[in-house]
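The values are calculated or read from the model by the stated rules, or taken from the named source; none is laboratory data. A quick note: this is a predicted structure, and the numbers were derived from the prediction, not measured. FYI the Cβ positions are ideal-geometry reconstructions off the backbone, even for glycines, and counts take in every protein chain you see.
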DNA sequence: TTAATTTGTTAACAAATGTTATTGAATTAG
DNA sequence: CTAATTCAATAACATTTGTTAACAAATTAA
(Lines give C-alpha, C1' and ligand atoms only; values in the text may rest on other atoms or scores of the structure.)
Protein backbone atom coordinates (compact mmCIF):
# COMPACT_ATOMS: atom_id res chain seq x y z
CA UNK A 1 0.00 0.00 0.00
CA UNK A 2 1.26 3.50 -0.78
CA UNK A 3 2.73 5.13 2.29
CA UNK A 4 0.45 8.10 1.60
CA UNK A 5 -2.62 6.24 2.73
CA UNK A 6 -1.25 3.99 5.44
CA UNK A 7 -2.08 6.47 8.19
CA UNK A 8 -5.67 7.04 7.19
CA UNK A 9 -6.12 3.31 6.78
CA UNK A 10 -5.02 2.77 10.33
CA UNK A 11 -7.29 5.51 11.66
CA UNK A 12 -10.41 4.40 9.77
CA UNK A 13 -9.80 0.77 10.66
CA UNK A 14 -9.83 1.71 14.31
CA UNK A 15 -13.38 3.01 13.85
CA UNK A 16 -14.96 0.41 11.59
CA UNK A 17 -14.05 -2.90 10.00
CA UNK A 18 -12.83 -2.52 6.41
CA UNK A 19 -11.56 -5.51 4.44
CA UNK A 20 -8.85 -5.38 1.78
CA UNK A 21 -11.23 -5.41 -1.16
CA UNK A 22 -13.22 -2.51 0.24
CA UNK A 23 -10.07 -0.59 1.01
CA UNK A 24 -8.55 -1.12 -2.39
CA UNK A 25 -11.65 0.31 -4.02
CA UNK A 26 -12.28 3.14 -1.57
CA UNK A 27 -8.72 4.38 -1.18
CA UNK A 28 -8.40 4.43 -4.97
CA UNK A 29 -10.78 7.39 -4.92
CA UNK A 30 -8.60 9.47 -2.60
CA UNK A 31 -6.43 12.32 -3.77
CA UNK A 32 -3.13 13.09 -2.03
CA UNK A 33 -1.80 16.60 -2.12
CA UNK A 34 0.90 18.86 -0.68
CA UNK A 35 0.26 22.35 0.62
CA UNK A 36 2.95 24.89 1.41
CA UNK A 37 3.00 26.69 4.73
CA UNK A 38 0.40 29.51 4.74
CA UNK A 39 -1.52 28.06 1.79
CA UNK A 40 -5.30 28.10 2.04
CA UNK A 41 -7.10 24.74 1.64
CA UNK A 42 -10.60 26.17 2.07
CA UNK A 43 -11.77 29.74 1.54
CA UNK A 44 -14.62 31.26 3.50
CA UNK A 45 -17.69 31.94 1.34
CA UNK A 46 -16.97 28.92 -0.83
CA UNK A 47 -18.71 25.59 -0.45
CA UNK A 48 -16.63 23.01 1.37
CA UNK A 49 -16.54 19.91 -0.82
CA UNK A 50 -13.73 18.00 0.88
CA UNK A 51 -12.64 16.31 4.05
CA UNK A 52 -8.89 16.63 4.64
CA UNK A 53 -6.90 14.02 6.51
CA UNK A 54 -3.51 15.27 7.67
CA UNK A 55 -0.61 12.88 7.00
CA UNK A 56 2.14 15.28 8.01
CA UNK A 57 2.00 18.94 8.96
CA UNK A 58 -0.56 21.08 10.70
CA UNK A 59 -3.75 22.88 9.70
CA UNK A 60 -5.64 25.74 11.28
CA UNK A 61 -9.37 26.38 10.96
CA UNK A 62 -10.34 29.99 11.58
CA UNK A 63 -13.12 32.58 11.24
CA UNK A 64 -12.87 36.25 10.42
CA UNK A 65 -15.18 38.89 11.86
CA UNK A 66 -16.49 42.11 10.30
CA UNK A 67 -13.22 43.88 11.04
CA UNK A 68 -11.19 41.18 9.34
CA UNK A 69 -9.89 39.91 12.65
CA UNK A 70 -9.16 36.20 12.83
CA UNK A 71 -10.39 33.73 15.44
CA UNK A 72 -8.68 30.37 15.40
CA UNK A 73 -11.33 27.75 15.89
CA UNK A 74 -9.29 24.56 15.81
CA UNK A 75 -5.85 23.13 15.06
CA UNK A 76 -5.54 19.86 13.18
CA UNK A 77 -2.31 17.86 13.50
CA UNK A 78 -1.23 14.57 11.94
CA UNK A 79 -3.77 11.73 11.85
CA UNK A 80 -6.77 13.96 12.27
CA UNK A 81 -9.49 15.30 9.98
CA UNK A 82 -10.29 18.85 8.97
CA UNK A 83 -13.38 20.14 7.20
CA UNK A 84 -16.16 22.67 7.57
CA UNK A 85 -18.74 20.02 8.22
CA UNK A 86 -21.61 22.50 8.30
CA UNK A 87 -20.81 23.70 4.80
CA UNK A 88 -19.96 20.18 3.67
CA UNK A 89 -23.32 18.80 4.81
CA UNK A 90 -25.56 21.64 3.71
CA UNK A 91 -23.69 22.81 0.62
CA UNK A 92 -23.80 26.33 2.03
CA UNK A 93 -20.96 28.88 1.88
CA UNK A 94 -18.36 28.24 4.53
CA UNK A 95 -17.89 30.64 7.42
CA UNK A 96 -14.29 29.57 7.92
CA UNK A 97 -10.91 29.17 6.34
CA UNK A 98 -8.61 26.16 6.52
CA UNK A 99 -4.95 27.04 6.27
CA UNK A 100 -1.65 25.15 6.44
CA UNK A 101 0.52 26.32 9.35
CA UNK A 102 3.35 24.07 8.18
CA UNK A 103 4.12 22.35 4.89
CA UNK A 104 1.34 19.79 4.99
CA UNK A 105 0.55 16.56 3.18
CA UNK A 106 -3.13 15.64 3.13
CA UNK A 107 -5.44 12.95 1.86
CA UNK A 108 -8.45 14.59 0.23
CA UNK A 109 -11.79 12.81 0.37
CA UNK A 110 -14.35 14.61 -1.74
CA UNK A 111 -18.05 14.82 -1.08
CA UNK A 112 -18.74 12.34 -3.89
CA UNK A 113 -16.31 9.85 -2.44
CA UNK A 114 -17.89 10.16 1.00
CA UNK A 115 -21.34 9.50 -0.44
CA UNK A 116 -19.96 6.57 -2.40
CA UNK A 117 -18.37 5.23 0.78
CA UNK A 118 -21.71 5.32 2.55
CA UNK A 119 -23.02 2.93 -0.10
CA UNK A 120 -20.07 0.71 -0.92
CA UNK A 121 -18.51 0.16 2.51
CA UNK A 122 -20.36 -2.31 4.71
CA UNK A 123 -20.03 0.03 7.67
CA UNK A 124 -19.94 3.29 5.72
CA UNK A 125 -22.95 4.81 7.40
CA UNK A 126 -21.58 3.91 10.80
CA UNK A 127 -18.29 5.57 9.92
CA UNK A 128 -20.11 8.75 8.95
CA UNK A 129 -22.07 8.73 12.16
CA UNK A 130 -19.02 8.10 14.35
CA UNK A 131 -17.03 10.90 12.75
CA UNK A 132 -19.93 13.31 12.98
CA UNK A 133 -20.43 12.41 16.64
CA UNK A 134 -16.77 13.06 17.27
CA UNK A 135 -17.10 16.56 15.85
CA UNK A 136 -20.33 17.15 17.72
CA UNK A 137 -18.69 16.36 21.03
CA UNK A 138 -15.75 18.58 20.19
CA UNK A 139 -18.21 21.43 19.67
CA UNK A 140 -20.05 20.65 22.91
CA UNK A 141 -16.85 20.88 24.89
CA UNK A 142 -15.84 24.04 23.12
CA UNK A 143 -19.09 25.81 23.98
CA UNK A 144 -18.99 24.55 27.54
CA UNK A 145 -15.44 25.89 27.94
CA UNK A 146 -16.32 29.27 26.46
CA UNK A 147 -19.24 29.63 28.87
CA UNK A 148 -17.83 28.26 32.09
CA UNK A 149 -14.06 28.79 32.05
CA UNK A 150 -11.92 31.90 32.34
CA UNK A 151 -9.30 32.53 29.64
CA UNK A 152 -6.46 31.22 31.76
CA UNK A 153 -8.48 28.12 32.61
CA UNK A 154 -9.14 27.56 28.91
CA UNK A 155 -5.42 27.93 28.33
CA UNK A 156 -4.63 25.27 30.92
CA UNK A 157 -7.22 22.89 29.48
CA UNK A 158 -5.79 23.39 26.02
CA UNK A 159 -2.33 22.81 27.39
CA UNK A 160 -3.47 19.54 28.88
CA UNK A 161 -5.52 18.28 25.91
CA UNK A 162 -3.22 19.45 23.10
CA UNK A 163 0.25 20.02 24.61
CA UNK A 164 1.99 19.44 21.29
CA UNK A 165 0.01 22.28 19.69
CA UNK A 166 1.51 24.94 21.95
CA UNK A 167 4.98 23.99 20.76
CA UNK A 168 4.12 24.30 17.09
CA UNK A 169 1.75 27.24 16.82
CA UNK A 170 2.58 30.97 17.12
CA UNK A 171 1.22 32.29 20.38
CA UNK A 172 -1.06 34.89 18.83
CA UNK A 173 -2.98 32.06 17.16
CA UNK A 174 -3.37 30.42 20.55
CA UNK A 175 -4.69 33.73 21.88
CA UNK A 176 -7.29 33.93 19.14
CA UNK A 177 -8.25 30.32 19.89
CA UNK A 178 -8.84 31.34 23.51
CA UNK A 179 -10.76 34.38 22.26
CA UNK A 180 -8.44 36.92 23.87
CA UNK A 181 -5.83 39.34 22.53
CA UNK A 182 -2.18 38.26 22.14
CA UNK A 183 -1.09 40.90 24.64
CA UNK A 184 -3.52 39.60 27.20
CA UNK A 185 -2.36 36.01 26.82
CA UNK A 186 1.21 37.11 27.33
CA UNK A 187 0.17 38.83 30.56
CA UNK A 188 -1.85 35.88 31.83
CA UNK A 189 1.06 33.51 31.29
CA UNK A 190 3.25 35.69 33.49
CA UNK A 191 0.70 36.09 36.25
CA UNK A 192 0.29 32.34 36.34
CA UNK A 193 3.41 31.85 38.49
CA UNK B 1 -55.18 10.65 17.71
CA UNK B 2 -54.61 12.01 21.18
CA UNK B 3 -54.11 15.75 21.13
CA UNK B 4 -50.94 15.17 23.17
CA UNK B 5 -49.07 13.76 20.22
CA UNK B 6 -50.54 15.70 17.33
CA UNK B 7 -47.82 18.33 17.43
CA UNK B 8 -44.92 15.94 17.40
CA UNK B 9 -46.58 13.96 14.63
CA UNK B 10 -46.75 17.07 12.52
CA UNK B 11 -43.12 17.96 13.21
CA UNK B 12 -41.71 14.50 12.55
CA UNK B 13 -43.82 14.11 9.41
CA UNK B 14 -42.25 17.27 8.05
CA UNK B 15 -38.85 15.59 8.30
CA UNK B 16 -39.54 12.05 7.13
CA UNK B 17 -42.44 10.03 5.74
CA UNK B 18 -44.26 8.05 8.43
CA UNK B 19 -47.38 6.03 7.60
CA UNK B 20 -50.28 5.43 10.00
CA UNK B 21 -49.22 1.93 10.97
CA UNK B 22 -45.71 3.09 11.86
CA UNK B 23 -47.03 6.03 13.79
CA UNK B 24 -49.51 3.99 15.77
CA UNK B 25 -46.73 1.68 16.91
CA UNK B 26 -44.07 4.31 17.49
CA UNK B 27 -46.20 6.89 19.26
CA UNK B 28 -47.52 4.18 21.55
CA UNK B 29 -44.05 4.12 23.12
CA UNK B 30 -44.10 7.81 24.03
CA UNK B 31 -44.73 9.10 27.51
CA UNK B 32 -46.51 12.41 28.07
CA UNK B 33 -45.80 14.38 31.21
CA UNK B 34 -46.42 17.74 32.90
CA UNK B 35 -43.74 19.73 34.65
CA UNK B 36 -44.40 22.68 36.93
CA UNK B 37 -42.56 25.95 36.42
CA UNK B 38 -39.00 25.69 37.83
CA UNK B 39 -39.03 21.90 37.87
CA UNK B 40 -35.87 20.15 36.66
CA UNK B 41 -36.25 17.64 33.82
CA UNK B 42 -32.58 16.71 33.66
CA UNK B 43 -29.96 17.06 36.38
CA UNK B 44 -26.29 17.69 35.61
CA UNK B 45 -24.08 14.71 36.48
CA UNK B 46 -26.82 12.25 35.59
CA UNK B 47 -27.02 10.39 32.32
CA UNK B 48 -29.51 11.87 29.89
CA UNK B 49 -31.80 9.07 28.79
CA UNK B 50 -34.56 11.08 27.13
CA UNK B 51 -35.42 13.44 24.35
CA UNK B 52 -38.11 15.94 25.32
CA UNK B 53 -40.54 17.41 22.83
CA UNK B 54 -42.29 20.52 24.10
CA UNK B 55 -46.06 20.58 23.48
CA UNK B 56 -46.78 23.68 25.54
CA UNK B 57 -44.51 25.73 27.76
CA UNK B 58 -40.85 26.57 27.67
CA UNK B 59 -37.63 24.85 28.71
CA UNK B 60 -34.17 26.19 29.48
CA UNK B 61 -30.91 24.28 29.09
CA UNK B 62 -28.09 25.63 31.24
CA UNK B 63 -24.64 24.94 32.63
CA UNK B 64 -23.18 25.83 36.00
CA UNK B 65 -19.55 26.77 36.56
CA UNK B 66 -17.27 26.13 39.55
CA UNK B 67 -18.82 29.04 41.44
CA UNK B 68 -22.35 27.74 40.91
CA UNK B 69 -23.10 30.46 38.40
CA UNK B 70 -25.53 29.56 35.65
CA UNK B 71 -25.04 30.00 31.90
CA UNK B 72 -28.16 29.57 29.82
CA UNK B 73 -27.21 27.59 26.77
CA UNK B 74 -30.53 27.35 24.95
CA UNK B 75 -34.26 28.00 25.25
CA UNK B 76 -36.72 25.47 23.90
CA UNK B 77 -40.27 26.61 23.09
CA UNK B 78 -43.28 24.70 21.77
CA UNK B 79 -42.72 22.26 18.93
CA UNK B 80 -39.04 21.88 19.53
CA UNK B 81 -36.79 19.24 21.08
CA UNK B 82 -34.60 19.40 24.16
CA UNK B 83 -31.94 16.96 25.27
CA UNK B 84 -28.29 16.77 26.21
CA UNK B 85 -27.37 14.95 23.06
CA UNK B 86 -23.75 14.47 24.12
CA UNK B 87 -24.79 12.64 27.28
CA UNK B 88 -27.61 10.87 25.44
CA UNK B 89 -25.26 9.50 22.77
CA UNK B 90 -22.32 8.59 24.95
CA UNK B 91 -24.12 7.61 28.16
CA UNK B 92 -21.82 9.97 30.02
CA UNK B 93 -22.85 12.28 32.88
CA UNK B 94 -24.53 15.40 31.61
CA UNK B 95 -22.84 18.78 31.95
CA UNK B 96 -26.15 20.61 31.88
CA UNK B 97 -29.56 20.99 33.44
CA UNK B 98 -32.91 21.15 31.68
CA UNK B 99 -35.49 23.19 33.54
CA UNK B 100 -39.08 24.29 32.93
CA UNK B 101 -39.42 28.08 32.79
CA UNK B 102 -43.20 27.77 32.53
CA UNK B 103 -45.65 24.99 33.31
CA UNK B 104 -44.68 22.67 30.50
CA UNK B 105 -46.20 19.65 28.81
CA UNK B 106 -43.72 17.36 27.08
CA UNK B 107 -43.60 14.17 25.08
CA UNK B 108 -40.78 12.00 26.40
CA UNK B 109 -38.94 9.74 23.99
CA UNK B 110 -36.55 7.49 25.84
CA UNK B 111 -33.26 6.15 24.57
CA UNK B 112 -34.78 2.70 24.06
CA UNK B 113 -37.61 4.12 22.03
CA UNK B 114 -35.20 6.08 19.85
CA UNK B 115 -33.16 2.95 19.15
CA UNK B 116 -36.35 1.05 18.41
CA UNK B 117 -37.40 3.81 16.03
CA UNK B 118 -34.14 3.50 14.14
CA UNK B 119 -35.06 -0.12 13.42
CA UNK B 120 -38.82 -0.07 13.02
CA UNK B 121 -39.39 3.14 11.09
CA UNK B 122 -38.53 2.95 7.42
CA UNK B 123 -36.75 6.30 7.62
CA UNK B 124 -35.73 6.08 11.27
CA UNK B 125 -32.01 6.40 10.61
CA UNK B 126 -32.61 9.39 8.38
CA UNK B 127 -34.69 11.04 11.10
CA UNK B 128 -31.84 10.55 13.58
CA UNK B 129 -29.37 12.01 11.15
CA UNK B 130 -31.52 15.03 10.31
CA UNK B 131 -32.15 15.88 13.94
CA UNK B 132 -28.51 15.49 14.83
CA UNK B 133 -27.51 17.70 11.91
CA UNK B 134 -29.96 20.31 13.11
CA UNK B 135 -28.30 20.38 16.52
CA UNK B 136 -24.87 20.37 14.98
CA UNK B 137 -25.64 23.46 12.95
CA UNK B 138 -27.12 25.17 15.99
CA UNK B 139 -23.82 24.58 17.77
CA UNK B 140 -21.80 25.84 14.80
CA UNK B 141 -23.70 29.09 14.77
CA UNK B 142 -23.40 29.46 18.50
CA UNK B 143 -19.63 29.10 18.45
CA UNK B 144 -19.34 31.42 15.49
CA UNK B 145 -21.38 34.06 17.29
CA UNK B 146 -19.36 33.75 20.49
CA UNK B 147 -16.13 34.25 18.55
CA UNK B 148 -17.06 36.93 16.08
CA UNK B 149 -19.85 39.05 17.58
CA UNK B 150 -19.91 41.55 20.43
CA UNK B 151 -22.50 41.04 23.20
CA UNK B 152 -24.87 43.63 21.79
CA UNK B 153 -24.58 42.07 18.34
CA UNK B 154 -25.36 38.67 19.82
CA UNK B 155 -28.37 40.27 21.49
CA UNK B 156 -29.62 41.64 18.18
CA UNK B 157 -29.12 38.32 16.43
CA UNK B 158 -31.02 36.57 19.20
CA UNK B 159 -33.74 39.17 18.97
CA UNK B 160 -34.04 38.48 15.27
CA UNK B 161 -33.90 34.67 15.42
CA UNK B 162 -35.98 34.13 18.57
CA UNK B 163 -38.05 37.28 19.13
CA UNK B 164 -40.71 35.39 21.09
CA UNK B 165 -38.11 34.24 23.62
CA UNK B 166 -37.32 37.76 24.80
CA UNK B 167 -40.96 38.24 25.72
CA UNK B 168 -41.15 35.12 27.83
CA UNK B 169 -37.80 34.82 29.58
CA UNK B 170 -36.48 36.90 32.50
CA UNK B 171 -33.77 39.20 31.28
CA UNK B 172 -31.04 37.84 33.51
CA UNK B 173 -31.41 34.50 31.75
CA UNK B 174 -30.95 36.28 28.44
CA UNK B 175 -27.82 37.89 29.85
CA UNK B 176 -26.40 34.52 30.83
CA UNK B 177 -27.26 33.23 27.35
CA UNK B 178 -25.23 36.09 25.90
CA UNK B 179 -22.46 35.32 28.40
CA UNK B 180 -22.59 38.71 30.11
CA UNK B 181 -23.85 39.95 33.49
CA UNK B 182 -27.47 41.11 33.89
CA UNK B 183 -26.31 44.60 34.81
CA UNK B 184 -24.26 44.83 31.66
CA UNK B 185 -27.13 43.74 29.45
CA UNK B 186 -29.34 46.38 30.99
CA UNK B 187 -26.69 49.00 30.18
CA UNK B 188 -26.18 47.81 26.62
CA UNK B 189 -29.90 47.98 25.92
CA UNK B 190 -29.94 51.65 26.96
CA UNK B 191 -26.85 52.58 24.96
CA UNK B 192 -28.39 51.01 21.89
CA UNK B 193 -30.60 54.06 21.17
C1' DT C 1 -55.32 41.53 49.91
C1' DT C 2 -50.80 41.65 51.95
C1' DA C 3 -46.21 40.19 52.48
C1' DA C 4 -42.37 38.05 50.33
C1' DT C 5 -39.75 37.28 46.38
C1' DT C 6 -38.10 38.16 41.94
C1' DT C 7 -36.79 41.31 38.61
C1' DG C 8 -34.78 45.36 36.06
C1' DT C 9 -32.44 49.72 36.41
C1' DT C 10 -29.05 52.76 37.94
C1' DA C 11 -24.77 54.46 40.15
C1' DA C 12 -20.14 53.94 41.84
C1' DC C 13 -16.36 51.44 41.78
C1' DA C 14 -13.18 47.43 40.72
C1' DA C 15 -11.35 44.10 37.69
C1' DA C 16 -10.57 42.20 33.26
C1' DT C 17 -9.40 42.85 28.75
C1' DG C 18 -8.25 45.46 24.56
C1' DT C 19 -5.21 48.89 22.03
C1' DT C 20 -1.22 51.08 20.62
C1' DA C 21 3.50 51.56 20.50
C1' DT C 22 8.23 50.10 21.44
C1' DT C 23 11.81 46.88 21.73
C1' DG C 24 14.61 42.94 20.92
C1' DA C 25 14.66 38.15 19.69
C1' DA C 26 13.55 34.70 16.44
C1' DT C 27 12.45 33.33 12.00
C1' DT C 28 12.23 33.64 7.09
C1' DA C 29 13.37 35.06 2.43
C1' DG C 30 16.56 36.26 -0.87
C1' DC D 1 25.09 35.69 5.27
C1' DT D 2 22.14 39.76 5.39
C1' DA D 3 17.89 42.16 5.24
C1' DA D 4 13.16 41.83 5.97
C1' DT D 5 9.54 40.01 8.45
C1' DT D 6 7.29 37.89 12.18
C1' DC D 7 6.86 37.28 16.86
C1' DA D 8 6.62 37.80 22.03
C1' DA D 9 7.07 40.77 25.91
C1' DT D 10 6.23 44.99 28.16
C1' DA D 11 4.38 49.56 29.46
C1' DA D 12 0.85 53.03 29.40
C1' DC D 13 -3.53 53.94 28.67
C1' DA D 14 -8.52 53.25 27.12
C1' DT D 15 -12.53 50.51 27.06
C1' DT D 16 -15.38 46.92 28.32
C1' DT D 17 -17.35 44.23 31.60
C1' DG D 18 -18.17 42.60 36.34
C1' DT D 19 -19.59 43.57 41.23
C1' DT D 20 -22.04 45.42 44.84
C1' DA D 21 -25.64 47.93 46.65
C1' DA D 22 -29.88 50.51 46.58
C1' DC D 23 -34.33 51.10 44.94
C1' DA D 24 -38.71 50.60 42.63
C1' DA D 25 -41.70 47.81 39.83
C1' DA D 26 -43.58 43.45 38.91
C1' DT D 27 -44.71 39.00 40.18
C1' DT D 28 -45.75 35.32 43.29
C1' DA D 29 -47.20 33.06 47.49
C1' DA D 30 -49.81 32.85 51.52
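Quick rundown of the values:
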{"read-out": "Single condition residue B:75 does not satisfy, out of (1) within 16 Å of the chain's Cα centre (by Cα); (2) more than 16 Å from DNA strand C (Cβ to nearest atom); (3) touching a residue at least 12 places away in the same chain (Cβ under 8 Å)", "value": "(2)"}
{"read-out": "Subset of the range B:71-104 [surrounded by fewer than 18 Cβ atoms within 10 Å (Cβ to Cβ), more than 9 Å from chain A (Cβ to nearest Cβ) and not in a loop (DSSP other than H, G, I, E, B)]", "value": "B:93"}
{"read-out": "Among residues of the range B:42-70, those that are under 18 Å from residue B:91 (Cβ atoms) and either more than 14 Å from every other protein chain (Cβ to nearest Cβ) or buried (at least 20 other Cβ atoms within 10 Å of the Cβ) (or both), counted", "value": "9"}
{"read-out": "Residues of the range B:162-172 satisfying the condition of being more than 10 Å from DNA strand C (Cβ to nearest atom) and assigned to a loop (DSSP other than H, G, I, E, B)", "value": "B:162"}
{"read-out": "Exclusive hit being within 16 Å of DNA strand C (Cβ to nearest atom) and without any contact (Cβ under 8 Å) to a residue 24 or more places away in the chain, set A:150, A:64", "value": "A:150"}
{"read-out": "Residue selected from the range B:173-183 under the condition near DNA strand C (Cβ under 8 Å from one of its atoms) and either in the same structural domain as residue B:99 (by TED's automatic domain parsing) or over 19 Å from the mean Cα position of the chain (by Cα) (or both), by the criterion surrounded by the fewest Cβ atoms within 10 Å (Cβ to Cβ)", "value": "B:183"}
{"read-out": "Conditions (1) surrounded by fewer than 14 Cβ atoms within 10 Å (Cβ to Cβ); (2) at pLDDT below 95: number failed by residue A:162", "value": "(1)"}
{"read-out": "Condition broken by residue B:37, with the remaining ones in (1) in a strand (DSSP E or B); (2) away from chain A (no Cβ under 14 Å); (3) within 16 Å of DNA strand D (Cβ to nearest atom) satisfied", "value": "(1)"}
{"read-out": "Yes/no for residue A:21 being within 24 Å of residue A:169 (Cα to Cα) and either away from every other protein chain (no Cβ under 14 Å) or in contact (Cβ under 8 Å) with a residue 12 or more places away in the chain (or both)", "value": "no"}
{"read-out": "Sole residue being farther than 24 Å from residue A:3 by Cα and part of a loop (DSSP other than H, G, I, E, B), chosen from A:180, A:152, A:137", "value": "A:180"}
{"read-out": "Residue within the range B:155-173 that is away from every other protein chain (no Cβ under 13 Å), farther than 24 Å from residue B:79 by Cα and touching a helix residue (DSSP H, G or I) at 6+ places or on another chain (Cβ under 7 Å) present", "value": "yes"}
{"read-out": "Top-ranked residue of the range B:105-116 - restricted to ones that are surrounded by 17 or more Cβ atoms within 10 Å (Cβ to Cβ) and under 14 Å from residue B:85 (Cβ atoms), ranked as nearest to the other protein chains (Cβ to nearest Cβ)", "value": "B:114"}
{"read-out": "Within the range B:117-144, considering residues that are surrounded by fewer than 16 Cβ atoms within 10 Å (Cβ to Cβ) and away from chain A (no Cβ under 13 Å), the one farthest from residue A:88 (Cα to Cα)", "value": "B:120"}
{"read-out": "Residues satisfying the stated conditions in the range A:139-178, i.e. over 26 Å from residue B:68 (Cβ atoms) and away from DNA strand D (no atom under 13 Å from the Cβ)", "value": "A:162, A:163, A:164"}
{"read-out": "Members of the range A:174-191 that are touching a helix residue (DSSP H, G or I) at 6+ places or on another chain (Cβ under 6 Å) and more than 18 Å from residue B:151 (Cα to Cα)", "value": "A:175, A:182, A:185, A:188"}
